[in-house]
Amino acid sequence: MNRTLFVLVLASFAQVVAWTQGIPQGLPPFGPAVVAGQTLKTTDMTNPQALIPLDIYRTASVKRQDIATFAWLEFISAVSPVGSQRGVTGGSFGQSGQSPTTTLVWETFQHRTELLPYSGTSAGAPPNPWNAKPKYVVSTNVAKGGPTMTLSHTVPFSNYNNLDEASQIGQNMLFFPATPGQPKPGSDAQVLFEAKANAYESQFAAANYSNLKIPLTLPTGTVEVKTAWKPIESIPPARLVTKIADKLPYGGMWTYELAPDGPGTSLRITEDGEVYNPIFRFVSRFVMGHTATIDASLRDLGKKLGEDVKIEN
């Protein structure tokens, strides 16, 4: 399986409009509003409880740098490591890149199919419980005119991404060209999307899901995230480690490592072995040779591929 690296394009916003009914009680935690001339500080990067600003100052002329500060503070909060609860920071922005397995705050927002899951009826269904593991429900027609089938699965705690949208808000399909400036939609990688919402919107949907109407004005405290993913590099498997599991007079591990070598590929096999029986140890050292099995494996591989093998110890 290839290991694929992705680049994330993230946009989020906090709705600051009024709502008159069906509002959950109590706003989620937000940081102070951005004021004129505010700039980013080192403490914004190291704050273990980074919060999205509630708003930005409202005047006839808002400066671009202040809007940028607001956007960066949103981003810092959204990509900080999540704590024990979904949507709540548990570490600073500076810690977000220390481990590739770290789950970030925005990732734990509810996916749109968690927020408004398929129910099969016009009444709809309430959101999944906020702090539960993500559960994605898909509705599809098995055949034209056939029954509707509901498929669901619960994924591990760390997997909150469900890239289920193939177009940009239903308008167009986007592709990432393998060769910059030379788009080839037939072979280029497609950009995939997902939409997510914070706990406050989840509470709002739970209170109003049976009578939601379009157009819809969301309440103050709503945060939504729209993400776009595109592959930027694919790294084929280049390392394999095997270990003797049986109880034999010898044991250890073999490590296979592939590396580019001009127009071809070199293979390095490293043996970390142990010989427990003295007789086997003598035979390995003075009769067979410690590298006999590795050398034979490399020659067999070369014969299989029709290549001359040059063994270097």
Practice task
Take the Cβ-Cβ distance between residue 241 and residue 286 as r, set R0 to 25 Å, and report the resulting FRET efficiency rounded to the nearest 0.05.
Solution key: 0.30
Exercise for the section: Write out the trypsin sites (Lys or Arg not before Pro) in the range 160-227 meeting two conditions: DSSP loop, and at most 14 other Cβ atoms within 10 Å of their Cβ. Expected result: 213
Exercise for the section: Using the structure shown, list the pairs from 41/196; 133/213; 184/230; 243/304; 63/230 with a Cα-Cα distance above 26 Å, or answer none. Expected result: 41/196; 133/213; 63/230
Completion exercise
Surrounding charge for residue 93, neighbours by C-beta under 15 angstrom, Lys/Arg +1, Asp/Glu -1, total -2
Completion exercise
For the range 239-305 the translational diffusion coefficient, Stokes-Einstein from a Kirkwood Rh over Cα pairs at 37 °C and viscosity 0.692 mPa s, in µm²/s, is roughly 243
Exercise for the section: Take the Cβ-Cβ distance between residue 125 and residue 216 as r, set R0 to 22 Å, and report the resulting FRET efficiency rounded to the nearest 0.05. Expected result: 0.80
Practice task
List every residue whose amide H lies under 5 Å from the amide H of residue 194, counting only residues 5 or more places away in sequence or on a different chain, with H placed 1.01 Å from N in the peptide plane.
Solution key: 227
Problem - Where labels lie 7 Å past Cα in the beta-carbon direction, separation of residue 274 and residue 95 in nm - result: 3.7
Fill in the blank from the handout: With the 8 Å Cα cutoff and a minimum separation of six or more residues, the range 239-305 has a relative contact order in percent of 23
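Since every read-out is calculated from the coordinates, none of them should be taken as a lab result. Treat the numbers as computed from the prediction; the structure is a model and nothing was measured. A quick note on method: Cβ atoms are made from the backbone with ideal geometry, for glycine too, and the neighbour counts reach across all protein chains shown.
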